[in-house]
Amino acid sequence: MSKSWEEINARIASGEAVVVTAEEFADIAKSDGLRSAARRVDVVTTGTFGPMCSSGVFLNFGHSDPPIKMGAITLNDVPASGGLAAVDTYLGVTEPSRTKGIEYGGAHVIEDLLKGKSVHLQATGPGTDCYPRTSIDTWVTLDDLNQAYFFNPRNAYQNYAVAVNSSDTAIYTYLGPLLPRIGNATYCSAGALSPLLNDPTYRTIGVGTRCFVAGAPGYVAWEGTQHNPNQTRDEHGVPVAPSGTLAVIADLKQASPEFFSAATFTRYGVSSFVGIGVPIPVLDEDIAETLALTDADIRATIFDYGVGRRSRPSFGTVSYADLRSGRITVEGRTVPVGPISSLPKARRIAEVLKGWVSERKWQLAPPLQPLPQPGSQGVRPLEIRNEEAI
């Protein structure tokens, strides 16, 4: 049994496509059998909502009169990049305020813009013949900007780590506080709803794939940074440790604060919760097999964040069903575990995306270029060289 992209898109256009979420598809496959589910369902929607630090927005302010070539730029006292000339900038979500520190940062500025608030823009420039102005101090809203769009270099991590801390003191991380002597565990994934866990070998997700980004229609722009498809995989091809990532792009003006939220992690810094969803066509039974996987079928690796090294020791793997139970076993001990991502919000994203495809007749697009496949590349560590030896 196989279907083509063209056949599925024709069914979407005619309103005949059967579109379900990944959780619904797993239930159908369990009750009716995989082959029947693959024949019946055309599109499966996925979703995830969690902290994604490698995110940000490109903004264009328009030219003042007289014009300025902006150098040093701040938005609500949060520094933005001034190296794009002349009135373009990139604002990263983790950039802290110069005055408020990690209590307010780039993510908060973006959230303020999404909520319709005015943001204080200050900029200076060197002054040139074509850009004679040397400073500007004004207020802008999202509607005032010519362009404002997300470009997130690393989102939707494929099967992120489960974190514990074996040291004798509490530590504060991007996965939340970790108590000493493996006193707790945290994780960050929508599990069986997560986009790249439903297409683990990137057959349908690649450059040009249409997707949901913070409530806006968007696209996969490239492989995400740190994309590492060479991690150990199970019998279904699903990696058991952090693996693939996506770089995504979408119009900030179409996004929603329902699916983007600024966050501050204690003694770590600013981040943002971003909603990502991808519709996956049921092309054949091989794709259907991974779409039908449940939290009980997918495992993540437990890493010791209490060791200050890049290569953190592992305490084995655990299923997402066990993680959802609230307690896991680590080194023979029962440990409380909690998510820092939101499963209810991931479900909401999958439902919204389901509506886009079935009601808006949202067409799917085959990848213009596949993501790097297993065996094609890995992630290189940064080598620290002695300056005298260079």
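Numbers for the structure displayed
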item	result
Wholly enclosed strands (runs of 3 or more DSSP E) of the range 209-268 bearing at least 2 residues under 30 Å from R312 (Cα atoms)	216-223, 246-251, 260-265
Output for the range 110-139, where each listed residue is touching a residue at least 40 places away in the same chain (Cβ under 8 Å), outside any strand (DSSP E or B) and in contact with a Phe, Trp or Tyr (Cβ under 8 Å, 6 or more places away or on another chain)	I110, E111, L114, G125
Flag if D304 is buried (at least 18 other Cβ atoms within 10 Å of the Cβ), over 27 Å from T204 (Cα atoms), of a type in the set (D, E) and at pLDDT 95 or above	yes
Test for A156: is it in contact with a Pro (Cβ under 7 Å, 6 or more places away or on another chain) and among the hydrophobic types (A, V, I, L, M, F, W, C)	yes
Total residues in the range 363-390, condition farther than 23 Å from E223 by Cα and either touching a residue at least 60 places away in the same chain (Cβ under 8 Å) or among the small types (G, A, S) (or both)	1
Test for N184: is it surrounded by fewer than 20 Cβ atoms within 10 Å (Cβ to Cβ) and under 30 Å from D168 (Cβ atoms)	yes
Qualifying residue in the range 339-349 (condition: within 19 Å of the chain's Cα centre (by Cα), part of a strand (DSSP E or B) and closer than 16 Å to S189 by Cα)	yes
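This table checks each residue for (1) part of a helix (DSSP H, G or I); (2) in contact with a Leu (Cβ under 7 Å, 6 or more places away or on another chain); (3) outside the structural domain of R133 (by TED's automatic domain parsing).
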site	(1), (2), (3)
R39	yes, no, yes
G50	no, no, yes
C53	no, no, yes
T74	no, no, no
E103	no, no, no
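The values are calculated or read from the model by the stated rules, or taken from the named source; none is laboratory data. Note that this is a predicted model, so its numbers are computed, not measured. A quick note on method: Cβ atoms are made from the backbone with ideal geometry, for glycine too, and the neighbour counts reach across all protein chains shown.
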